[in-house]
Every structure is written in C-alpha cells, then in structure tokens.
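Visitor: Let me begin by handing over the structure; questions about it come next.
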Amino acid sequence: MLANKKLIIIVLTGFLLVLVGCGEEGDNENNPDENLPPDSLLEISTTSEGIIDELEGIYSQIEERREEEELKLERRRQSREVDLNQPDQETDNESDEEEQNQLPEEEEQLTEELQESWDELEGEVEALHQNWNEYESEVNLKPEQIGKIEAELNQLTEEIADKFYLVALLSTAQFDSEVAKLYRRYDVEGEAELKEAMATTRKIIFLNRLELDEHQLKEEQQIALERLKDLHFEIDQSMEGEEEKEEEVKRLEEAIADLETAIKMSENDEVIEVKGELVLSRLEELED
C-alpha cells in the first residue's frame, strides 16, 4: 500500500513538472527574450505620423482655396478686358494690386476656419512631449542625442503654436529623422533605416514647398538625396538574403533614381512631389 502511495506521488510530481515546463515554454513564446522598442518610442512615431497627416490636410485645404481664389482673380481680369475697350492702365494696375492682396486675406480666413485642426495639433504635440519624456526616463541616451531631438521638438512646438504649417512639416520630418536613429538600439533589423529614409524623403518634398531661392533649395535637397541613397544601401544590406524583398528593394532604388533625375533637371514642384511620393510608397512596401 505504501509503495502504491509513493508511486502515485511520483506520477503526480512528474505531471506537475511537465505542466510547469509547458507553462514556462508558453511564456517564452509569448514574451521572447528580445530587445524590442518600448511602447513610448512606438507612440512617438505614431503621434508624429498623425501630426504630418493633420498638417498635410491643412496644406491641401489652404492650397485648394488659394487656387480657387487665383482662378477667380484671373476670370475677373479676363472679364474686365472684354468689357473695357480702352482700359485706363493706372486704374487697371491698382485693381490688380488690390485683387492680389486678397489672397493672403483668404488664407488667413481659411486658417481661422481650420482652428479645430490647429487645436488638435496642439494636443498631439503635447502628447509627443509626454511620450518623449517617458522614453527619455526609460533609457540612457547621450546628451547630444537628447539635445538634437529636444531642439527639433521645441521648434516644432513653436511653429504649430504660430500656425506655420509649411515649416512645421519640415520640422516634423527632421524630428522623425532623429527619432528614427533610436531604433538602432533595438532588435528590429532595417526599421531605423526605413524610418529615417521616409523622414528624409519627406524633407525633400517639404523643402520643395518652401519659398527658397533655387541655389539653397538645390543644396538642401542634394544633401537629403545623398543621405537617402546611403540609407538605401543600408536597407539593401540589412535585407540581404531575403528573396521576397529583393524586388521591392530594386523598385526603391529605381524610384530614388527617378527622384534624383527630377531634382537635377529642375523639374517643376509637382513632378518632384510625385517622384517623392513614389519613393515613400516603395518604403512602405518594405516596412509591411
């Protein structure tokens, strides 16, 4: 009888050990021992994407309104030319100047109409500061790295407060470029390069929208383009041996080459923007 009890105890003990072992194995599968980005860093990237989307929406609406107003002004000029057989040149010039001055007023009016979007953006920027403070408290970063990111974040905050949507787009891209480098600390191969490449491509697009002189624009875009080509090389190296990604990397290379040609040939803003958007779509393919 005693032997039977011992046998039962041994069997039960073995069964419990098996259950514990399976539980530990399951825990390891659900929580692999990997160095992954913390939620605070992921939230920074997500929030920044939302800011870009919101700013792009504001940009599109303002540009659409400006185009509508310019079309109205052109129609008025054409109508005046038809109606007046011998227009007085001085009066005509005064009318043109008065009509041109209406454009900034229309833009200001639209900015007021978009107040809800600006309020939402200020909330997003506040969340960005909170997520950054949380991330900074979790990791040990070099002072110069902290300084760069906080400088970009503070500049972005001021520009959104002042409703400078064009320069805010550029500042967001520059902020994202610095944040992307943080992903090099973690076991997410190629993620840092992809995110920085996206930010760099956006910088080229957003630079194109600013009223810079041609020399300054070309210089800034060329610097960004060279960085983009370097990042493509790093992306190619990080995905070496992944056959399913090879074709996507090749398409990215071709898209970057098209963008470079458009910049060198001084194509109009629309062409450069289309080529830049194509590069972004190729990068998104690789990130999926």
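Visitor: Which one of Gln130, Gln155, Gln145, Gln237 is open to solvent by 60 Å² or more (accessible area, probe 1.4 Å), modelled with pLDDT under 95 and polar (S, T, N, Q)?
Guide: So the residue among Gln130, Gln155, Gln145, Gln237 that is open to solvent by 60 Å² or more (accessible area, probe 1.4 Å), modelled with pLDDT under 95 and polar (S, T, N, Q) is Gln237.
Visitor: All but one of (1) in contact with an Asp or Glu (Cβ under 7 Å, 6 or more places away or on another chain); (2) at positive phi hold for Gly190, so report the exception by its number.
Guide: Going through (1) in contact with an Asp or Glu (Cβ under 7 Å, 6 or more places away or on another chain); (2) at positive phi one by one, Gly190 breaks only (1).
Visitor: Any idea which residue in the stretch 216-232 is modelled with the highest pLDDT, counting only those that are loosely packed, with under 15 Cβ neighbours inside 10 Å and over 13 Å from Ala257 (Cα atoms)?
Guide: Per the stated criteria, the residue is Ile223.
Visitor: Then there is this: Is it the case, given these coordinates, that Arg80 is farther than 30 Å from Val139 by Cβ, open to solvent by 60 Å² or more (accessible area, probe 1.4 Å), modelled with pLDDT of 70 or more and not aromatic (Phe, Trp, Tyr)?
Guide: When the stated conditions are applied, Arg80 does not pass them.
Visitor: Moving on to the next point. Among the residues of the stretch 231-259, what is the count of those that are within 27 Å of Arg184 (Cα to Cα) and under 22 Å from the mean Cα position of the chain (by Cα)? Write out each step before concluding.
Guide: Just the residues of the stretch 231-259 that are within 27 Å of Arg184 (Cα to Cα), to begin with: 231-257, 259.
Those still in the list that are under 22 Å from the mean Cα position of the chain (by Cα) too: 231-236, 238, 248-249, 251-257, 259.
So the answer is 17.
Visitor: If you don't mind, there's one more thing I want to ask. Looking at the stretch 121-145 only, could you name the residues that are under 20 Å from the mean Cα position of the chain (by Cα) and more than 27 Å from Ile58 (Cα to Cα)?
Guide: Within the stretch 121-145, Tyr135, Gln145 meet the criteria.
Matching residues to (1) more than 14 Å from Glu196 (Cα to Cα); (2) β-branched (Val, Ile, Thr); (3) part of a helix (DSSP H, G or I):
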{"site": "Glu219", "(1), (2), (3)": "yes, no, yes"}
{"site": "Gln222", "(1), (2), (3)": "yes, no, yes"}
{"site": "Leu225", "(1), (2), (3)": "no, no, yes"}
{"site": "Leu228", "(1), (2), (3)": "no, no, yes"}
{"site": "Phe233", "(1), (2), (3)": "no, no, yes"}
{"site": "Gln237", "(1), (2), (3)": "yes, no, yes"}
{"site": "Gly241", "(1), (2), (3)": "yes, no, no"}
{"site": "Glu246", "(1), (2), (3)": "yes, no, yes"}
{"site": "Arg251", "(1), (2), (3)": "yes, no, yes"}
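Visitor: Check Glu116 against each of (1) within 26 Å of Leu36 (Cβ to Cβ); (2) over 20 Å from the mean Cα position of the chain (by Cα); (3) of a type in the set (D, E, K, R) and name the one condition it does not meet.
Guide: (1)
The values are calculated or read from the model by the stated rules, or taken from the named source; none is laboratory data. Computed from a prediction, not measured in an experiment: that's the story for all the values here. Heads up, the Cβs are rebuilt from the backbone with ideal geometry, glycines too, and the neighbour counts pull from every protein chain shown. These area figures cover heavy atoms from the full protein model, side chains too; ligands, DNA and RNA do not enter into them. Shrake-Rupley method; radii C 1.70, N 1.55, O 1.52, S 1.80 Å.
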